[in-house]
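Input: a single structure, listed below in structure tokens.
The values are calculated or read from the model by the stated rules, or taken from the named source; none is laboratory data. What you see is a predicted model; the values in this text were computed from it and never measured. Cβ placement follows ideal geometry from the backbone for every residue including glycine, while neighbour counts extend to all protein chains displayed. These accessible areas exclude ligands, DNA and RNA; they are computed on the full protein's heavy atoms, side chains included. Shrake-Rupley method; radii C 1.70, N 1.55, O 1.52, S 1.80 Å.
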Amino acid sequence: MEIKEAYRMFSSIWRLYRKYSEKPITERYWDVVIGEVDVIQTRHPTELCRNLLIAVLEDLERKDKRDKKRIEN
């Protein structure tokens, strides 16, 4: 992967994370996030991209669980 392509990939993933890490979780939230993840993965079909997207999704899921737990208490 060329450095410019890697830059575009990392930038896309960063924008995804920044966009959804502070949004409240709704029923539609995950459908939209997964849709954007699919677009990024299609544009950058590499193992590195897949691994980074998985890490972002795991972090968003932790945030979701933490927020739900906070609401329950």
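Per the Cα gyration tensor, region 1-41 maps to an equivalent ellipsoid with semi-axes of 24, 11, 4 Å, ordered largest to smallest.
Share of carbon and sulfur in the accessible area of the chain stands at 55%, probe radius 1.4 Å. Each helix, a run of at least 4 DSSP H residues, gives -39500 (n - 2.57); summed and divided by the residues of the chain, these come to -28500 deg cm²/dmol at 222 nm. For residue 46, no residue whose modelled amide H falls within less than 5 Å of its own remains once neighbours fewer than 5 places apart on the same chain are excluded.
Taking the centroid of alpha carbons for each part, region 54-73 and region 1-39 are 16 Å apart.
By the rule of a C-alpha distance below 29 Å, with chain neighbours fewer than 8 residues away ignored, the lysines paired with residue 63 are 19, 23. Shape index of the chain: Rg/Rh, with Rg the Cα radius of gyration and Rh the Kirkwood radius from the inverse mean 1/r over Cα pairs, equals 1.04. Annotation: for a label point projected 7 angstrom from Cα along Cα→Cβ of residue 6, residues of region 34-50 with backbone N closer than 19 Å are 41, 43-50.
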